[in-house]
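A.B. asks: For reference, the structure I am asking about is given below.
Every number here is computed from the coordinates shown, using simple stated rules; none is lab data. Quick caveat: nothing in here was measured; it's all calculated off a predicted structure. Neighbour counts are summed over all protein chains in view; Cβ atoms, including those assigned to glycine, are modelled from backbone coordinates with ideal geometry.
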Amino acid sequence: MQRLSSNFTLFFKLFVPTGWVSFFGLFAVVIFLVDTTDKPLLGTTEFRIGYLIFFVVFLTLIYFTIFQLKRVEYEDGHIFATDYFKTITFPLENIVRISKMNLGIFTVVWLHLQSKGIFGKRIPFLAKRTNFKTFESNHPQLFKK
C-alpha cells in the first residue's frame, strides 16, 4: 500500500484543533469568569465580544480547512481514504480529476469524485511529495486541467 498523504495530516487533523479549542476555549471561559476589578481589560464588554468573535471565526476556519483533511493511500487501482475514524475504499475510476495547490512547505491535493460519498465530492489531503510524485507519473490522465 502506498501512502499518498503526509505524516503531518495526523498532527493537523487531531492536535491543532484540540490545542486550539483547549487553549483558546479555556481562555474564553477565563475572560467571562474573571473578576473585573482585578483585570479591568479582560472584563470589558468590547474585549469579551471581540475575543468571542475571534475564537468562533478561527474555529470555523479550522473546521472548514484543517479538520477536513483525510489520510489517503493507494493500492492496486483502489484509493483508501480515512478521517481516522471511518475508512472508505473506492476504485481509481471514480476519480474525475485531481487538483493540487502548492503552499511552499505543503502541497494540498483534492480528489474530485464522480458522485458524493461519505466524505463529500472532494477529498482533501496533504501530499507526501515522494509518493505523490510517483503516483502522479503513473496516472497522468487524472491530472489534466
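A.B. asks: How far apart, in nanometres, would the label points at L142 and R129 be if each is projected 7 angstrom from Cα along the Cα-to-Cβ direction?
C.D. replies: 2.1 nm
A.B. asks: With the dipole of the chain worked out from charges on the C-beta (+1 for Lys and Arg, -1 for Asp and Glu) around the Cα centre, which of T87, T18, N102 lies farthest toward the positive end?
C.D. replies: Most positive-ward Cα: N102.
A.B. asks: What's the local net charge at N131, with K and R +1, D and E -1, over the other residues with C-beta under 11 Å away?
C.D. replies: Here the count lands on +2.
A.B. asks: Only four residue types carry charge here, +1 at the Cβ of Lys and Arg and -1 at the Cβ of Asp and Glu. Report the dipole size of the chain about the Cα centre in Debye, rounded to the nearest 20.
C.D. replies: 580 debye
A.B. asks: Further question on the same structure: Near the amide H of S6, under 5 Å away, which other amide H atoms are found, from residues 5 or more places off or on another chain, if H is placed in the peptide plane?
C.D. replies: Amide H neighbours of S6: L126, A127, K128.
A.B. asks: Sticking with this structure for a sec: When the chain is fully extended, how far beyond the present Cα-Cα distance does F27 get from E93, taking 0.36 nm per residue of separation?
C.D. replies: Extra length available between F27 and E93 comes to 19.0 nm.
A.B. asks: Could you point to the label whose value was computed as semi-axes √(5λ) of the Cα gyration tensor in Å for the structure here, given [x] 41, 13, 13; [y] 64, 27, 9; [z] 59, 15, 11?
C.D. replies: [x]
A.B. asks: Hey, another quick one. What percent does the relative contact order of the chain come to when contacts are Cα pairs within less than 8 Å and at least six residues apart?
C.D. replies: Once normalised by length, the contact order is 26 percent.
A.B. asks: Excluding F85 itself, what net charge comes from residues whose Cβ is under 15 Å from its Cβ, given Lys and Arg +1 and Asp and Glu -1?
C.D. replies: My count for the surroundings of F85 gives +3.
A.B. asks: Can you tally the lysine pairs in the chain where the Cα-Cα distance is under 14 Å and the two residues are eight or more apart, or on different chains?
C.D. replies: Counting lysine pairs in the chain gives 9.
A.B. asks: Let me ask another. How would region 39-121 be classified by its alpha-carbon gyration tensor: rounded, prolate or oblate, with rounded meaning a/c under 1.5 and the a/b versus b/c comparison settling the rest?
C.D. replies: prolate
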